[in-house]
Every structure is written in C-alpha cells, then in structure tokens.
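Have a look at the structure below before the remarks.
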Amino acid sequence: MTLPARRLGGQRSATRGLTLIELMITVVVLAIGLALAAPAFTQQLANYRLRTASESIINGLNYARAEAVRRNSPVSFTLSATGSGWTVAQVSPATTLQSRAAGESAGITAASTNESRAVTFTATGFVDGSGTRMSQIDLSSSAANSETRRIDIYGGGLIRVCDPAVTAAGDPRRC
C-alpha cells in the first residue's frame, strides 16, 4: 500500500488533532461531570473516615483487653474529649501503652452515652464494673447524609460494632 502523494498547488491535506472549540467542549463536559460527582465523593470519603475511626477504636479496646490479660493487671481505655482519639494505659503503675490522636479522623466525633469516657479491663479480660464505666460509643460524621456507627462494650469483655440505621430483623449489622 502506498502513501498518498502530497497535493500540489497550495492545497493542504487534512490535519489531525483537536480544534480549540472541541477542547473547550470536552473540558466543560468534564467539569459538569465532576461537579455532579463531588457530593457523592464527599459522602463516600466521610463514610470511609467513619469506618476507619470505628476500627481504630475497636482495635484500641481489643488491645486494652489483651494487655490487661497479658500483664495480669488492670488496663484502661479512655476516649479523648474531642474527635475520635483514645489512650490505652496500665492503671497501676500508671503507664501509657498506646494512643491515637483525635485529629487522625477529621470530621468524626466519638461520644459516650453516659458521663464516663473510660472503661477498665481486669486481669481476666472482663470489664471492671465497680464504678461508672463507658458501655457504648456513638460515632458520627460532620458530613451530611453520612453513616453512623455504635460500639457496644459488654461486661464480659465482648466488643461489638453495629449500624443504628439498619432495622431489618435478620441483619447482623443491626443494633
């Protein structure tokens, strides 16, 4: 197959590429698509942060329980006053074992359902029930239409996360 010969007489063959109008139309269509997708992306990002914060708190609670059994000594888990930060500390002697900053999950708040923001695990792994203790943590996001999570801490040391929005009787995510 031979290539077409170049035309003589000042005529040009058709050039390949985009015109400025075609490029502008493409940019406008792309901008409209992104503007429509931005709210859904924001909500998805908020839900991801919420799940990450709840997993962090559950891991901290499980770590506190495991360390109490391992050290054969009471270990406490304390939520920070703001955000979703926490601290795990041995009770006696007072030693911080692990902590997470409240700012690690931006826009997420963790609140206890009672005035206590701490729970202590005994050497057997059970929850110390001698005083007021935190038994439930509610996690929420500042973003509109985002999910919520609830973490329940039972006396036997069981820690369970659930979704308060789920109402179906057979759904294991139900609170």
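The values are calculated or read from the model by the stated rules, or taken from the named source; none is laboratory data. Quick caveat, the model's predicted, so the values are computed rather than measured. Quick reminder, even Gly has a Cβ in these numbers, built from the backbone with ideal geometry, and neighbours come from all protein chains shown.
Here is a check on your reading of the model: is SER146 out of contact with any Lys or Arg (no Cβ under 7 Å at 6 or more places or on another chain), surrounded by fewer than 19 Cβ atoms within 10 Å (Cβ to Cβ) and among the polar types (S, T, N, Q)?
no
Can you tell me which residue in segment 102-119 is surrounded by the fewest Cβ atoms within 10 Å (Cβ to Cβ), limited to those that are within 17 Å of the chain's Cα centre (by Cα) and of a type in the set (A, V, I, L, M, F, W, C)? Working first, answer last.
Looking only at segment 102-119, we keep the residues that are within 17 Å of the chain's Cα centre (by Cα), and these are 102-111.
If we keep only those that are of a type in the set (A, V, I, L, M, F, W, C) too, we end up with 102, 106, 108, 110-111.
Working: ALA102: 19, ALA106: 14, ILE108: 27, ALA110: 24, ALA111: 12.
The selected residue is ALA111.
Take the conditions at pLDDT 85 or above and farther than 15 Å from GLY155 by Cα and apply them to SER76. Does it pass?
no
Please specify each residue of segment 134-143 satisfying the condition of being crowded, with 20+ Cβ neighbours inside 10 Å and farther than 16 Å from GLU55 by Cβ.
MET134
Would you be able to say whether some residue in segment 52-73 is assigned to a loop (DSSP other than H, G, I, E, B) and either surrounded by 11 or more Cβ atoms within 10 Å (Cβ to Cβ) or at pLDDT 90 or above (or both)?
Checking segment 52-73: at least one residue is assigned to a loop (DSSP other than H, G, I, E, B) and either surrounded by 11 or more Cβ atoms within 10 Å (Cβ to Cβ) or at pLDDT 90 or above (or both).
Could you look through segment 75-84, keep only residues that are in a strand (DSSP E or B) and not β-branched (Val, Ile, Thr), and pick out the one that is nearest to the chain's Cα centre (by Cα)? Explain how you work it out, then say what you get.
Kept after step one, since they are in a strand (DSSP E or B), are these residues of segment 75-84: 75-79.
Imposing the further condition that a residue be not β-branched (Val, Ile, Thr) reduces the set to 76-77, 79.
Values: SER76: 23, PHE77: 19, LEU79: 16 Å.
Ranking the qualifying residues of segment 75-84, first place goes to LEU79.
When you check THR87 against the structure, is it in a strand (DSSP E or B), under 14 Å from ILE137 (Cα atoms), of a type outside the set (A, V, I, L, M) and under 19 Å from the mean Cα position of the chain (by Cα), yes or no?
For THR87, the condition - in a strand (DSSP E or B), under 14 Å from ILE137 (Cα atoms), of a type outside the set (A, V, I, L, M) and under 19 Å from the mean Cα position of the chain (by Cα) - is not met.
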